[in-house]
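The values are calculated or read from the model by the stated rules, or taken from the named source; none is laboratory data. Nothing here was measured: the structure is a model prediction, and the numbers come from that model. Methodologically, a virtual Cβ is constructed for each residue, glycine included, from the backbone with ideal geometry; neighbour enumeration extends over all protein chains shown. These accessible areas exclude ligands, DNA and RNA; they are computed on the full protein's heavy atoms, side chains included. Shrake-Rupley method; radii C 1.70, N 1.55, O 1.52, S 1.80 Å.
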Amino acid sequence: MSKVEERLQALGFALPQPPRPAAAYVPAVRTGSLVFVSGQGPVRDGQAVYTGKVGAEQTEEEGYKAAQIAILNALAVLKAEIGNLDKVTRIVKLVGWVNSAPG
């Protein structure tokens with residue numbers, strides 16, 4: 001287990017199996033020493049765990065949990081691509097979206 005995974009475990013998180021693409025996209029692409037991970041959502045076992053807008057169908061707490069699932073999925077995809085998360089030396093860009101109700 002990598003040091004990154006040990007730290008995640010100490011925080012109460014575990015990496016899932018990388019989610020299977022729901023459409024015709026590639027989960028990660030490596031070019032040189034850079035890896036680009038495709039967008040990930042709050043999916044477990046091929047099913048969306050949270051749907052709807054934060055502030056309408058979902059609470060702020062549920063939105064927070066959805067974001068945790070999405071980033072763990074992204075890390076799982078990254079691990080599948082590079083083999084060990086301890087190889088990561090820098091994150092160049094991280095983008096996140098929240099489907100939220102007006103206001």
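Overview of results
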| quantity | calculated |
| --- | --- |
| Difference of contour (0.36 nm per residue) and Cα-Cα distance, Tyr64 to Arg44 | 5.6 nm |
| For a label point 7 Å along the Cα-to-beta-carbon line of Ser100, residues of segment 24-56 with backbone N under 12 Å | 54-56 |
| Interchain or long-range residues, amide H under 5 Å from Arg44's placed H | Val49 |
| Neighbour count of at most 13 Cβ within 10 Å plus DSSP loop: longest trypsin sites (Lys or Arg not before Pro)-free window in the chain | 1-52 |
| Additional length obtainable on full extension of the chain from Phe36 to Asn84, 0.36 nm per residue less Cα span | 15.7 nm |
| Over segment 4-47, equivalent-ellipsoid semi-axes from the Cα gyration tensor in Å | 22, 18, 7 |
| Rounded tilt (10° steps) of 60-82 against the dominant C-alpha axis of the chain | 20 degrees |
| Accessible carbon and sulfur surface of the chain relative to its total accessible area, %, 1.4 Å | 54 percent |
| Cα-Cα separations in the chain greater than 18 Å, expressed as whole percent | 52 percent |
| Accessible area expressed per residue, segment 44-87, with surrounding protein chains retained (probe 1.4 Å, Å²) | 62 Å² |
| Stretchable slack from Glu57 to Met1, in nm (0.36 nm times residue separation minus alpha-carbon distance) | 16.4 nm |
| For Ala28, distant residues with modelled amide H under 5 Å away | Ser38 |
